[in-house]
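The values are calculated or read from the model by the stated rules, or taken from the named source; none is laboratory data. This is a predicted model, so every value here is computed, not measured. Every residue, glycine among them, receives a Cβ derived from its backbone with ideal geometry; neighbour counts consider all protein chains shown.
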Amino acid sequence: MPAFDYAAYDRAGKLQSGVIAADSERHARRLLKEQKLLPSTLSEVGRQPSTSEAGERWQWLVGRRKARVNNFDLALLLQQQAILIQSGLPLEDALKMTIEQAETDSQRRMVQSWRSEIVEGRSFSEALKRSPYQIPESIVAGIGVGEESGHLHEVLRRLAEDIENSAENRKTVSRALIYPATLLATSLIVVSIMMVWVVPKITAIFISSKRELPFMTRVVMGLSDFVQDYGIYLLAFVVLSFLAFKQWLRDADRRRRWHQILLATPGVGRWMHMANIADWSRSLGVLLSNGVPALAALKISSGVVENLYLRAKMEAVTEAMRRGSSLQKALSDNLSGSGFLVHMVGSGEASSELDKMLLRVSEYYSVRLKNAVDVFMKLINPILIVFMGMVILSVVAAVMLPIMDMNNMI
């Protein structure tokens, strides 16, 4: 049974919104009228509301694309289901309770879409697969195995932890890249404002005095003139270059080559390598521990890897496994710079504890990534502050030197 987002007016003319389960849009409107509500907008969960016939056709086409899911929301919802199911509550009742206690509308709509499918008699994994929200394939596969084995609550708990850890790794890398970029952008904006508005007004006084100016002052005045004359063109060039680059990356082969270049970048490339290997190892370990067959788990885990160049390597590992190779040999032949992973996988295969070894590998790389980023942040923070200070000090000095010379003349 589909779920519908609605906005409707009550008898007092107050606009209300929520989610309602119904067989069709007409059925949903009838149910709202029975509740003495006048529907204003109505749309299936995961799709945008429609307001006209032409708009309905367009929104129907858009609605075919699944909505993206916030990882932390998904982890929270899975964790809640694990606790409720472990306490003995049936899955449908657990989902109903989650809908009533949802913290946000997005969470409520997502769980309602799951419950609507389960009410029609489908399994939890089928409900996630048919949901209008984009649920990762690894989650769907793991839940499917959990339903078959009768340990759904344990699988949900492990999957929730896997989502949180993977999101934390991506957040760690993003923080290391965003922080210095933000500081540099801030300093660039401050200097640009000084060059366009502050420096010209002050230097006009020096030019009118017809005195020989210090070298630093002449340099700053030249930069100020350049920014005033060509700054807008330079900004337009940067924006257009960025848009052209994004368009260029739409091609999968080009994006894979770009990802290969990123992996070869000193520092950042190593972080991305560790983050992707940690995600792959954790996903594979969780799937294997939940009983997913090895080849299926390898195929699903390859999709977790965000770097397309590394993903191609992992797909080659999966193909080698399909031809009868061991996982250790397949990794050794296709993945360089991951000696620890290869060694631990070999130990796991020898001891029949591959899933545990993979989870340890993921933990190892996650800790290494966090430590590397922490060290980088501690080093880059004073360096950027000193750099920003020198740039601003240079501009200030270029303005102050002529003023000091004029005072000496007096």
Subset of the stretch 228-251 (residues that are surrounded by fewer than 12 Cβ atoms within 10 Å (Cβ to Cβ) and under 19 Å from the mean Cα position of the chain (by Cα)): K246, R250
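Looking only at the stretch 343-368, how many residues end up being acidic (D, E) and not in a helix (DSSP H, G or I)? Before the answer, list the steps.
First pass over the stretch 343-368, keeping only residues acidic (D, E): 349, 353, 355, 363.
Cutting the leftovers down to not in a helix (DSSP H, G or I) gives us 353.
Count: 1.
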The lone exception for L95 - which of (1) more than 30 Å from S17 (Cα to Cα); (2) surrounded by 15 or more Cβ atoms within 10 Å (Cβ to Cβ) it fails: (1)
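Can you say whether V396 is β-branched (V, I, T), within 29 Å of V286 (Cβ to Cβ) and in a helix (DSSP H, G or I), as far as the supplied structure shows?
Spelling it out, it is not the case that V396 is β-branched (V, I, T), within 29 Å of V286 (Cβ to Cβ) and in a helix (DSSP H, G or I).
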Residue, modelled with the highest pLDDT, within the stretch 292-324, restricted to residues that are closer than 17 Å to R255 by Cα and not in a helix (DSSP H, G or I): N307
Residue count, the stretch 266-318 (criterion: more than 29 Å from H153 (Cβ to Cβ), free of Cβ contacts under 8 Å to residues at least 24 places away in the same chain and among the polar types (S, T, N, Q)): 1
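Okay, residues lined up against (1) of a type in the set (S, T, N, Q); (2) surrounded by fewer than 19 Cβ atoms within 10 Å (Cβ to Cβ); (3) assigned to a helix (DSSP H, G or I):
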{"site": "R115", "(1), (2), (3)": "no, no, yes"}
{"site": "E148", "(1), (2), (3)": "no, yes, yes"}
{"site": "R158", "(1), (2), (3)": "no, no, yes"}
{"site": "E164", "(1), (2), (3)": "no, yes, yes"}
{"site": "L183", "(1), (2), (3)": "no, yes, yes"}
{"site": "T186", "(1), (2), (3)": "yes, yes, yes"}
{"site": "I193", "(1), (2), (3)": "no, yes, yes"}
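Based on what the data block shows, is D355 acidic (D, E), without any contact (Cβ under 8 Å) to a residue 60 or more places away in the chain and either loosely packed, with under 15 Cβ neighbours inside 10 Å or on the phi < 0 side of the Ramachandran plot (or both)?
On the way: acidic (D, E): yes; without any contact (Cβ under 8 Å) to a residue 60 or more places away in the chain: no; either loosely packed, with under 15 Cβ neighbours inside 10 Å or on the phi < 0 side of the Ramachandran plot (or both): yes.
The answer is no for D355.
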Index of the failed condition, G337 passing every other in (1) modelled with pLDDT under 85; (2) at negative phi; (3) surrounded by fewer than 16 Cβ atoms within 10 Å (Cβ to Cβ); (4) within 28 Å of the chain's Cα centre (by Cα): (2)
Number of the exception - N169 against (1) surrounded by 16 or more Cβ atoms within 10 Å (Cβ to Cβ); (2) at pLDDT 80 or above; (3) under 23 Å from the mean Cα position of the chain (by Cα): (2)
Flag for L327 being closer than 21 Å to H343 by Cα, out of contact with any Cys (no Cβ under 8 Å at 6 or more places or on another chain) and modelled with pLDDT under 85: no
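How about the stretch 120-146: which of its residues are hydroxyl-bearing (S, T, Y), surrounded by 18 or more Cβ atoms within 10 Å (Cβ to Cβ) and without any contact (Cβ under 8 Å) to a residue 40 or more places away in the chain? Steps first, please.
Within the stretch 120-146, the first condition is being hydroxyl-bearing (S, T, Y), and the residues that meet it are 123, 125, 131, 133, 138.
When the remaining residues are screened for being surrounded by 18 or more Cβ atoms within 10 Å (Cβ to Cβ), the result is 125, 131, 133, 138.
Matches in the stretch 120-146: S125 only.
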E154 vs. criteria at pLDDT 80 or above and closer than 19 Å to S125 by Cβ: yes
